[in-house]
1. Would you mind stating whether residue 90 is over 25 Å from residue 182 (Cα atoms), touching a residue at least 24 places away in the same chain (Cβ under 8 Å) and charged (D, E, K, R)?
2. Out of 65, 73, which single residue is surrounded by 18 or more Cβ atoms within 10 Å (Cβ to Cβ) and touching a Lys or Arg at 6+ places or on another chain (Cβ under 9 Å)?
3. Are there any pairs with C-beta distances below 6 angstrom linking a residue in the range 19-31 that is touching a residue at least 60 places away in the same chain (Cβ under 8 Å) to a residue that is of a type in the set (Val, Ile, Thr), with the two at least 6 apart or on different chains, and if so which?
4. Of the residues in the range 88-118, how many are of a type in the set (Val, Ile, Thr) and surrounded by fewer than 16 Cβ atoms within 10 Å (Cβ to Cβ)?
5. Please report, ordered by residue number, the strands (runs of 3 or more DSSP E) entirely within the range 60-159 with at least 1 residues that are in contact with a helix residue (DSSP H, G or I) (Cβ under 7 Å, 6 or more places away or on another chain) and closer than 17 Å to residue 186 by Cα.
6. From the list 143, 126, exactly one residue is modelled with pLDDT under 75 and within 22 Å of the chain's Cα centre (by Cα). Which is it?
7. Only one of these conditions is not met by residue 177: (1) out of contact with any Leu (no Cβ under 7 Å at 6 or more places or on another chain); (2) of a type in the set (Gly, Ala, Ser); (3) at pLDDT 80 or above; (4) surrounded by 11 or more Cβ atoms within 10 Å (Cβ to Cβ). Which number is it?
8. Step by step: first the residues of the range 180-196, then only those that are of a type in the set (A, V, I, L, M, F, W, C) and assigned to a loop (DSSP other than H, G, I, E, B), then the one that is modelled with the lowest pLDDT. Which residue is that?
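The values are calculated or read from the model by the stated rules, or taken from the named source; none is laboratory data. Quick caveat: nothing in here was measured; it's all calculated off a predicted structure. Cβ: placed from backbone, ideal geometry, glycine included. Neighbour counts: every protein chain shown.
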Amino acid sequence: MEKQTLTPWDNWMRYKLVAQPDADALQALEQSRQSFRAAYPNEAVYPDPEISFFEQRLPESAEPLLCQWLQQLCKNETAFPVVINNVSGKPPHLVYARVQSTGAHAQFVKKLKALLQQLAGFTSAGISHQQISLLPLVSELPGMLFHKAMQEFSTTELAAQTTVQHLQLMKRLPDGSWQLVQRFALLQCSSAVPGLQHWFSPTAFVHPN
C-alpha cells in the first residue's frame, strides 16, 4: 500500500478525541476547579471538562481516513467506565485530573494507539499523542505559578467515575476555537454481540486506496 501523498501546501490542523464526563463526575470535578479559581482567579484558563484521549497535529487531508478508522474502531466497542482520581500536572502550564486506564478502558487505549501508529504509516505524519488519558482542569497557568499550584493541590483528593458512551473528534480552527468533526457512539452493554470484540488487530485499518 502506498502512503498518502502530502504536499508542502497541505494544511496541518490540530485534532483531539474527547469524551464528556457525566453530571455526577462534573460535580466532583467542579469542586476542584473552584479551589483553583479561588487561588488564581485571573491567571489561568479553565477549559470545559473533558476526557482527552489524544491531541495531535495531522494533515487535514487525513481527516476522512481518521474518521473512517475511528468509526471502524468504535462501532463494536462497548461503553466502558473510567475512574478519575487525584490532581497532577504537566509543566509548564497544564493541571489535570488523572484518568486510570484499566480493564476495558485500557484495551480501548491500546487499540487507539495502534490506530494512530497505523495512521502515521499511511500519512508520514509524526505521531506524538499526548498522555492517554487525562482530564484538563486548568490550562495556560503561568510557569511561575505552576510549581506553586502543584505544591498546593497535588495532594487534593479527587474521586469520580463516569461511563464513556460517546467520543467526539474535534478540530482546532485558526481562531483557536474547537469545531466538532464527528461524533462516535459506543455500544451499550446489552447491545454487544459476543465475539465482535476480537475483530481488531493493528492491520485492521486499511487505506481506502
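1. Values: over 25 Å from residue 182 (Cα atoms): yes; touching a residue at least 24 places away in the same chain (Cβ under 8 Å): yes; charged (D, E, K, R): yes.
Considered against the rule, which asks whether it is over 25 Å from residue 182 (Cα atoms), touching a residue at least 24 places away in the same chain (Cβ under 8 Å) and charged (D, E, K, R), residue 90 comes out as yes.
2. Details: 65 fails: touching a Lys or Arg at 6+ places or on another chain (Cβ under 9 Å).
Unique residue meeting the criteria: 73.
3. Cβ pairs passing all conditions: 19/51; 19/164; 21/162; 22/162; 25/162.
4. Residues that pass the stated criteria total 1.
5. In the range 60-159, 80-90 are the strands (runs of 3 or more DSSP E) which contain 1 or more residues that are in contact with a helix residue (DSSP H, G or I) (Cβ under 7 Å, 6 or more places away or on another chain) and closer than 17 Å to residue 186 by Cα.
6. Of 143, 126, the one residue that is modelled with pLDDT under 75 and within 22 Å of the chain's Cα centre (by Cα) is 126.
7. (4)
8. Checking each candidate, the answer is 193.
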